[in-house]
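Enquirer: Just dropping this structure here.
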């Protein structure tokens, strides 16, 4: 698909009110696809993690995914786009270079695999219909760019830049920039010119005439108009690139799920900045006066799910990454023998703000990773 070194008091107040608002909201509901029960359907996580991708045997047919792909095709039909990206199951979301199709993550093909993904990564990317369709439209932008060789067009280069620009390991977003549309989280349009196009295409595809009003006065409107022009040029036209090749389909992946998740956790958990002791001492205390109070470690452990949910929804950062931060906080609180020095409600609010601020500091510091 991505950090500010300090926040003012006004910023912190805004974060506090945002946290309070999100605290009262219902968590997102995750829909589950329906598939025949495989032999591993009731296995424990430990057994599943020893299974290879190639042994899963899951397919798109008969799943919710199949219906969502058809919904994407219907949206393309409504815009007179003849090419329909072929789809297959793989380890993650991606659209390969040179192949006008879309790979979808294996876990969306069966509810048991979605539960494993949730357990391992603390969230299911694309697990809801709305989230899944957003990702499909984004990947469709990549696929159509390949199918019609759009990145060779002067219109594309003038609007988005150099397609050949190397992908960075990290990118530094500007959340307030109006040069980019807002579609996926993490200000993903800012990651690379190809992602900028895919995000702009997704907004163009879904909002029809509304994008002109929504982005009125934004420099990003010029990009939407460029996409609109290119889509009119290819309307009802066959695609020059029509390869149906599948890259890294499940049947060819012999890695175990355990090794896959180990790599994925390392990708999203590395290089997070340390929480300095002074930050923790602002919230907690090692004064003997508070020895009768709950330990800071046990308090953080108790509200950890709330922190993941709230901070993740406000910042757009991966739940697994935020959880790693909280784990580090818990470990350091144990070492410093810190305890609560204020009432639970007050401490909860302060913790939420601190983690949110630190997360935003991290994001604006240029350390948000490109997705796996």
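Enquirer: Take the alpha carbon gyration tensor of the stretch 133-264, find the square roots of its eigenvalues, order them as a ≥ b ≥ c, and report rounded if a/c is under 1.5; if not, report prolate when a/b exceeds b/c, else oblate.
Expert: Judged from the Cα gyration tensor, the stretch 133-264 comes out oblate (a/c at least 1.5, b/c at or above a/b).
Enquirer: Hey, another quick one. Could you line up 223, 259 from fewest to most neighbouring Cβ atoms inside 10 Å?
Expert: 259, 223
Enquirer: Right, another one. Could you check the simple spin-label distance between residue 222 and residue 39, using points 7 Å along Cα→Cβ, in nm with one decimal?
Expert: Distance between the two pseudo-spin positions: 6.0 nm.
Enquirer: Further question: Return, ordered by residue number, the residues of the stretch 206-234 whose backbone nitrogen is under 15 Å from a label point located 7 Å along Cα→Cβ of residue 154.
Expert: From the stretch 206-234, the list is 230.
Enquirer: Tell me the label-point distance for the pair residue 256, residue 71, using the 7 Å Cα-to-Cβ offset, in nm and rounded to one decimal.
Expert: Spacing of the two 7 Å Cα→Cβ label points: 3.6 nm.
Enquirer: Something else now. Residue 80 to residue 119: extension gain in nm, 0.36 nm per residue of separation minus the Cα-Cα distance?
Expert: Between residue 80 and residue 119, full extension yields an extra 9.9 nm.
Enquirer: Here's a follow-up. What whole number of Å gives the distance from the Cα centroid of the stretch 94-127 to the Cα centroid of the stretch 183-207?
Expert: Taking the Cα centre of the stretch 94-127 as reference, the centre of the stretch 183-207 is 19 Å away.
Enquirer: Further question: Could you give me D for the stretch 30-252, from Stokes-Einstein at 4 °C and 1.567 mPa s, where the hydrodynamic radius is the Kirkwood radius over C-alpha pairs? Units µm² s⁻¹, please.
Expert: 70 µm²/s
Enquirer: I would also like to ask the following. Counting other beta carbons within 10 Å of each Cβ, put 164, 95, 90, 207 in order, fewest first.
Expert: 164, 207, 90, 95
Enquirer: As a footprinting exposure proxy, order 320, 188 by other Cβ within 10 Å, with the fewest listed first.
Expert: 320, 188
Enquirer: While we're on this one: Say a paramagnetic label sat at a point 7 Å from the Cα of residue 51, along Cα to Cβ; which residues of the stretch 242-269 have their backbone N under 12 Å from it?
Expert: Output list for this probe position: 257-258.
All of the numbers you see were taken from the coordinates with simple rules; none came from a lab. Because the structure is predicted, anything quoted here is derived from the model rather than measured. Virtual Cβ from ideal backbone geometry, glycine too; neighbours counted across all protein chains shown.
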